[in-house]
Protein chains: 2
Amino acid sequence: MSDNNLINLLRRRLPAHCLLFHPEDLRPYECDALSAYRRLPLVVVIPETLDQVRATLQSCSELRVPVVARGAGTGLSGGALPLTDGVLLSLARFNRILDIDVDNRTARVEPGVTNLSISKVAEPFGLYYAPDPSSQIACSIGGNVAENAGGVHCLKYGLTVHNIQKLEILTIEGEPLTIGSEALDSPGYDLLALLTGSEGLLGVITEVTVRLLAKPETAQVVLAAFDSVESAAAAVTAVIAAGIIPAGLELLDNPAIRAVEKFVHTGYPEEAAAILLCELDGTREEVAAQIERTRTVFAQAGASDLRVSRNEAERQRFWAGRKAAFPAMGRLSPDYYCMDGTIPRRHLAKVLAEIGVLSAAYGLPVCNVFHAGDGNLHPLILYDANQPGELERTEELGGRILELCVAVGGTITGEHGVGLEKINQMCVQFNGDELAQFHAVKQAFDPHGLLNPGKAIPTLQRCAEFGALHVHHGHLPHPELERF
Amino acid sequence: MSDNNLINLLRRRLPAHCLLFHPEDLRPYECDALSAYRRLPLVVVIPETLDQVRATLQSCSELRVPVVARGAGTGLSGGALPLTDGVLLSLARFNRILDIDVDNRTARVEPGVTNLSISKVAEPFGLYYAPDPSSQIACSIGGNVAENAGGVHCLKYGLTVHNIQKLEILTIEGEPLTIGSEALDSPGYDLLALLTGSEGLLGVITEVTVRLLAKPETAQVVLAAFDSVESAAAAVTAVIAAGIIPAGLELLDNPAIRAVEKFVHTGYPEEAAAILLCELDGTREEVAAQIERTRTVFAQAGASDLRVSRNEAERQRFWAGRKAAFPAMGRLSPDYYCMDGTIPRRHLAKVLAEIGVLSAAYGLPVCNVFHAGDGNLHPLILYDANQPGELERTEELGGRILELCVAVGGTITGEHGVGLEKINQMCVQFNGDELAQFHAVKQAFDPHGLLNPGKAIPTLQRCAEFGALHVHHGHLPHPELERF
């Protein structure tokens, strides 16, 4: 197919104002939030109606042109990075909230609606949408579903997959499918979970029905300081083992605390090796009871400083430092790279220590600010892209950290997805049979491989080039990690 | 292939005591708990090792013989019904608990382990496995995963899919795949959810890692009586809308209450149109606070009688009637047929009224005992299989009830699965494109269709013969339901 064929076909089928071809118009779509990778697409399509989305997909199918769907472009793993010979399909104009069903506690929304706007519209009814990625003011619900997005409150309320009930999608051939239902279970294979987190490789989401929760009556935060990362990590395990399910349980290590305090002065104890922020929510009675139990557990785990937020303003202040952590890093270093791996909680202390060793070996500082309760690490590697070779060294260190997560029985992503960023580490996570099974599932939805090719699931050839062997019952590319 | 080829091959590859051929040995495997359907398999294989399971699957693959996996045989939808020309693969000897990981709060078990035995082994550590199907003393965890089993406590703690973390499976070719991980998220497509509830059509489960929860400190039950089913149904919605998440919220209608009281004399109010049993669990303080709020909500919803269990013995007594409900029906009627559909909660009253209308039209009594909080109905149709035509009329009424669930935006199964029982109603639930997508997924795992063929997902031809049209934006086979 020649590029002109596609453009001519799209011009016949869609209004002119829905199509962008000129390089200056394409520029805003060259990357998502993984901005180290940039590419201009052949054409950007910004449809306004479902028929136009269908026409776009049918055109791509007929001419075998790849298509990358894009929500708000806030993804951190390069999932919406365009292809130079493909269509970038923006769902930005699908931004209407279609229905709030208060009795059934669901909202039916278009995919371009932002995460936070759902909670805003639900607020008068005392309801909200629980998953809260850091980008929630900007990120779209369609992108949240594609990446199975998480957030601070996912420890108690689950990831995106646990908070949606129904999807309308279009297949690459433009066929509409209803996946899931308004009721709490659905017969047949669980395609709702399969589509969630499939990173745009199986279909294009055109409507999402999310679950809404009742807003908790109150919330309080316990801030606890520890003299060692080990004791903070042990306190995380102890809280969960005590049967307490915090709404959020976050850890900041000393470099992160210092960076934050320089930036926003929230009053975190700057000498602490680590602090934990533990939020409890529910009715006043429940929260009061749980706060007491959490204090006791933290004290027994050796907390040297224990504070409880006394009112909503103080709770917000306790969180302000955590929320400012990423921008704060931007002041310490010209660039930073945010990793995303998940490990069994019992290995927290060991893995943080090993990240310290790797950080020293690579000569690149690493700060840790992360969802400790879920074992979801977000090491931030500080670097300077203007120093020759430093980006490459940073990416290599990032890869080593992810392989360390796999070595202790963890995974290479908690909530950011694989995208282009972690495609090599997928070869470490899975063996050839498992990757072949993923490709067979892809084939069942998209036989010609036109939806977001090159992302999420590596080809076996790519893994052979990367030189990785899967690690369960096998060997790591870096044998020194085998002691885990 | 001739039957002898398979039997000869299995004899060469497996020890003699793992194979059953004689009709009298096959008889115990002729059905599962949907005993209206019975068939003798060609051969029963009861392997003791993973290699033997693999050899069985490889033999079936090579000779293109269908294979049906079976756990404890307690399934209610006929998922483990054998095929006369196929292998019945029993996982009964895989009954070891391999590991309890207290820090990480998981248990690694073989598929033949019973649901309840996991909680028993975890008990000394203060942990338990939450999903609790009525058959939990007998049903196996492998079967629970295959059917995505539920139970009374799934309202708060989720279905099986929300309580497992990792599976080891064998494909039909005998290849081992690790699905999910020890960490809380996994990259790639969500095959863990896809396999869960896939009713034995995608792979054979050989190991399950389940999540364990801390046992709640205490639990109490509120028993509330209502003068109308409508007000009980409204009370269900009101409790959920108040942000209370009960550990269980069950409804019994008057015919069910009377049947239970005749049988076990638990002291349920026999004149009530419906009762609700609402369990709250957690710490003493939390439960005390929630009990008060639940009492208030029920009182406002018009409860005529409100009791709260004062101790563990009384809590058990409140539940005893609910637990005896199914055996109690066995005293009222020679046979009963337990349906399983799920609807959006707001339609509870309307659907229960319509079931009453259908019951009268068919001249078959229906009792309702069900998981009201999830909108998961279990209408029990009372009939006598010895009366000519009565089983057929019962099945027709059951089908109509399921189609009613679909018509209000619900689904044809909450926790029992589709199996053979509801295969026609799948044609009502899904359209041709959606069924074709299910078949494509099946093809990705089992290209020759050897795993449990004829169950769960109907062929398009079967749907054409059944004469059903899908109902979203379409027409129901029974047009009078269109008013919903």
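The values are calculated or read from the model by the stated rules, or taken from the named source; none is laboratory data. Note that the structure is predicted; figures quoted are calculated from it, not measured. For neighbour counting, all protein chains shown are included, and Cβ atoms are generated from backbone atoms with ideal geometry for every residue, glycine included.
Some notes on this structure:
- Among the residues of segment A:394-426, the one identified as touching a helix residue (DSSP H, G or I) at 6+ places or on another chain (Cβ under 7 Å), assigned to a helix (DSSP H, G or I), more than 10 Å from chain B (Cβ to nearest Cβ) and under 21 Å from A:A80 (Cα atoms) is A:G399.
- Hey, B:G143 within 11 Å of another protein chain (Cβ to nearest Cβ) and either surrounded by fewer than 20 Cβ atoms within 10 Å (Cβ to Cβ) or closer than 24 Å to B:L420 by Cβ (or both) or not: no
Here is a yes/no grid of residues against (1) buried (at least 24 other Cβ atoms within 10 Å of the Cβ); (2) in contact with a helix residue (DSSP H, G or I) (Cβ under 8 Å, 6 or more places away or on another chain); (3) within 14 Å of chain B (Cβ to nearest Cβ); (4) modelled with pLDDT under 95:
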{"site": "A:T209", "(1), (2), (3), (4)": "no, no, yes, no"}
{"site": "A:I245", "(1), (2), (3), (4)": "no, yes, yes, yes"}
{"site": "A:L249", "(1), (2), (3), (4)": "yes, yes, yes, no"}
{"site": "A:V264", "(1), (2), (3), (4)": "no, yes, no, yes"}
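- Of all residues making up segment B:363-393, the number that are buried (at least 24 other Cβ atoms within 10 Å of the Cβ) and part of a helix (DSSP H, G or I): 3
- Looking only at segment B:427-443, and only at residues there that are part of a helix (DSSP H, G or I) and either within 7 Å of chain A (Cβ to nearest Cβ) or of a type in the set (F, W, Y) (or both), the one that is nearest to B:V351 (Cα to Cα): B:Q429
So that you can scan it fast, the table gives a plain yes or no per residue for (1) of a type in the set (D, E); (2) modelled with pLDDT under 95:
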site: A:L358; (1), (2): no, no
site: A:Y362; (1), (2): no, no
site: A:D374; (1), (2): yes, yes
site: A:Y383; (1), (2): no, yes
site: A:N386; (1), (2): no, yes
site: A:E390; (1), (2): yes, yes
site: A:L402; (1), (2): no, yes
site: A:V406; (1), (2): no, yes
site: A:E415; (1), (2): yes, yes
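- Candidates A:D305, A:D384 - the one that is among the acidic types (D, E), touching a residue at least 24 places away in the same chain (Cβ under 8 Å), in the same structural domain as A:I240 (by TED's automatic domain parsing) and in contact with a strand residue (DSSP E or B) (Cβ under 7 Å, 6 or more places away or on another chain): A:D305
- Inter-residue pairs, beta-carbon under 7 Å, first within 7 Å of chain A (Cβ to nearest Cβ) and in segment B:167-182, second of a type in the set (A, V, I, L, M, F, W, C), 6+ apart: B:L177/B:I169
- A:Q165 falls short on exactly one of the conditions (1) farther than 14 Å from A:R211 by Cα; (2) touching a Gly at 6+ places or on another chain (Cβ under 6 Å); (3) not in a loop (DSSP other than H, G, I, E, B), and that condition is (1).
- Given (1) farther than 24 Å from A:D433 by Cα; (2) in contact with a Ser or Thr (Cβ under 9 Å, 6 or more places away or on another chain); (3) more than 11 Å from chain A (Cβ to nearest Cβ), index of the condition B:H153 fails: (2)
- Residue check for A:A235: in contact (Cβ under 8 Å) with a residue 40 or more places away in the chain, touching a helix residue (DSSP H, G or I) at 6+ places or on another chain (Cβ under 6 Å) and either closer than 29 Å to B:G282 by Cβ or facing chain B (nearest Cβ under 10 Å) (or both): yes
- Condition met for A:V121 (more than 15 Å from the chain's Cα centre (by Cα), buried (at least 20 other Cβ atoms within 10 Å of the Cβ) and more than 12 Å from chain B (Cβ to nearest Cβ)): no
- Beta carbons closer than 8 Å, at least 6 apart along the sequence or on distinct chains, pair a first residue in segment A:25-52 that is within 18 Å of A:H416 (Cβ to Cβ) with a second that is in a helix (DSSP H, G or I) and among the hydrophobic types (A, V, I, L, M, F, W, C) for A:A36/A:L391.
- Verdict on B:V152 being in contact (Cβ under 8 Å) with a residue 12 or more places away in the chain, part of a loop (DSSP other than H, G, I, E, B) and β-branched (V, I, T): yes
- Total residues in segment A:330-362, condition in a strand (DSSP E or B) and within 14 Å of chain B (Cβ to nearest Cβ): 2
- Here B:L202 clears all of (1) in contact with a helix residue (DSSP H, G or I) (Cβ under 9 Å, 6 or more places away or on another chain); (2) surrounded by 22 or more Cβ atoms within 10 Å (Cβ to Cβ); (3) not in a loop (DSSP other than H, G, I, E, B) except the condition numbered (3).
- Answer from B:A193, B:A235, B:A224 - the residue that is assigned to a helix (DSSP H, G or I) and either at positive phi or assigned by TED's automatic domain parsing to the domain that holds B:R322 (or both): B:A235
- Subset of segment A:327-361 [in contact with a Ser or Thr (Cβ under 9 Å, 6 or more places away or on another chain) and among the basic types (K, R)]: A:R345, A:R346
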